[in-house]
1. Return the sequence-ordered ³J(HN,Hα) values of segment 266-273 in whole Hz as given by the Karplus equation 6.51 cos²θ - 1.76 cosθ + 1.60 applied to θ = phi - 60°, using x for Gly and Pro.
2. Grab the Cα-Cα distance for E208 and T347, subtract it from 0.36 nm times how many residues apart they are, and report the gain in nm with one decimal.
3. Can you give the FRET efficiency to the nearest 0.05 for E313 and E69, using r as the Cβ-Cβ distance and R₀ = 56 Å?
4. Straight-line reach only, C-alpha to C-alpha below 17 angstrom: list the lysines that K326 could link to, leaving out same-chain residues fewer than 8 apart.
5. For E113 and S52, compute 0.36 nm times the residue count separating them, minus their Cα-Cα distance, and round to one decimal in nm.
6. Obtain the nm distance between the two label points defined at L355 and R324 by a simple spin-label model: each point lies 7 Å from its Cα along the Cα-to-C-beta direction.
7. When the chain is fully extended, how far beyond the present Cα-Cα distance does A223 get from A142, taking 0.36 nm per residue of separation?
8. Which aspartates and glutamates, if any, have their Cα less than 19 Å from the Cα of K61, not counting same-chain residues under 8 positions apart?
Amino acid sequence: MAAAFCSDAATARPSIFVADPDSTVTVLMALLRVGEGGYASGEELARLLGVSRVSVWGRLKKLQEEGLELEAVRGRGYRLAREPAVLHPAVLAAYLRVRHPEAGGPALVYLPEIDSTNREAERRLAAGCKTPVVIFAGRQTAGRGRLGRAWHSAEAGGLYVSFAFQPRLPPARMPKFTLWMGLAICRLLNEVHGLPVRVKWPNDLVHEGRKLAGMLTEARIDADVMRDLIFGLGLNVNGDPAQWGGGGAGAREAARVAGTLQQVNGGRPLSINAVAADVAWAGNRAYAEFVSGRYAEEFDALWARYDSLRGREVTVNLADGLLRGKVTGLDESGALKLTLSDGSRRTVQSGDVTLGGYGVKG
């Protein structure tokens, strides 16, 4: 797969554009029936690609050199014997082709290692690159979360992705954007992958109290128009947090507060490339629905279905202290509504939320 550079990009790191649905590698991987265990004959591959059988073999050999494990059976053809446990551009592209053939829109960019996908999105926007674009990284060296916190993103099994948009919308339209994107990813994981994931206000995906994902939205506003918009997602797909960093005290703390989709899936690993393709599709669709305003038709129903906090006693860690109360929902702006012990009501625009009074530093 040829490497491509965004013209005048601020970074010298080569990136691979993987979303061309008509590329030879994408068609080839789709024919190999990614994830289904089926076979494709050499003759069929040659006919579809318009090349010779010898050329097909050369392309298969190249895929093997890239780390893909292929199997050839006389009389049946070729198949992908084992899928990579990490992101692979060709497999990601093939999953997008197989699972979402109608998908269009953003370019998908893959970088083996990057400081932060959100920072790369910033650089591309600053360089005038075409949007929308979705940036995946195999590894982040300086992943970041909300309020400038670091996001653990050095281990295999994590999905690190940022979406870069230029919405040209008034800022007043944006308060529910992160929540809507979170709902879209949550619905995808529930309906497509059968995983009972929930959204935790304001920017997490959780399962039974353990954090599976964090979301970070960053924006640039010119006058009264939202010029640049970046949505970042760090999703723990496979692995065991207790093994992060080789174990130790930090890993034990991670195991207490964090989880992975594999754990939610009963210990069975998921295809990280399939999840990545689904996330790219769902995120792009959710953005289109947000910009058009169609999201408003579903937001309340989806929030009621996937909200992890409604009716729960929580503690909110605010800049000026702690606030405890029962969550009763969201207001029109996406702020959290609380009923306090004295019966009074409060809304909270931002803050760290924990169940009950545990886990909060006073």
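1. So the J values, rounded to whole Hz, are x, x, 8, x, 9, 6, 5, 6.
2. 47.6 nm
3. That pair, E313 with E69, gives E of 0.65.
4. K200, K337
5. Details: separation 61, 0.36 × 61 = 21.96 nm, distance 3.55 nm.
The span from E113 to S52 would gain 18.4 nm if fully extended.
6. Going by the 7 Å Cα→Cβ label model, 1.7 nm.
7. Details: separation 81, 0.36 × 81 = 29.16 nm, distance 3.07 nm.
Result: 26.1 nm gained on full extension.
8. E43, E44, E69, E71, E83
The values are calculated or read from the model by the stated rules, or taken from the named source; none is laboratory data. Note that the structure is predicted; figures quoted are calculated from it, not measured. Methodologically, a virtual Cβ is constructed for each residue, glycine included, from the backbone with ideal geometry; neighbour enumeration extends over all protein chains shown. The area values use the complete protein model at the heavy-atom level, side chains included, leaving out ligands, DNA and RNA. Shrake-Rupley method; radii C 1.70, N 1.55, O 1.52, S 1.80 Å.
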